[in-house]
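To start, the structure under review is shown below, and the notes come after it.
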Amino acid sequence: MKNRVLKPKKLNESLTRKVIELQDRGYDCDFLLLANGSLLCMQNNRNYPLNSVSIQNMEQGYDWFSQSYKHIHIIETGNGERGVLLSEHSFV
């Protein structure tokens, strides 16, 4: 019997395609989770408390660079900005 090793999805393959697909659907902001627990929109430099945004977990994959799993989240703010957050933790 042949042993098969399943490789986890690489971040630079399937998750990159998912991020591009989300950007094509209008999720064009990039969010960064700050140490104080708020989100920073990289395009306009605005901070958003986590409890003031809608967060949805979309997909997970393995990042070979950091040797950890990453989650893709979509973020929607109250003022209509939509974007993507990559994180090692799921917020949902």
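Quick notes on this one:
- For region 65-92, the residues whose amide N sits under 13 Å from a probe point set 7 Å from the Cα of Leu32 along the beta carbon direction are 86.
- Across region 34-86, the volume of the C-alpha convex hull divided among the residues equals 91 Å³ per residue.
- Span from the region 70-92 Cα centroid across to the region 36-57 one, whole angstrom: 8 Å
Read-outs throughout are calculated quantities, based only on the coordinates presented, and are distinct from any laboratory measurement. Just so you know, these numbers come straight off a predicted model, no measurement behind them. Counting neighbours? That spans all protein chains shown, and the Cβs are built from the backbone with ideal geometry, glycine included.
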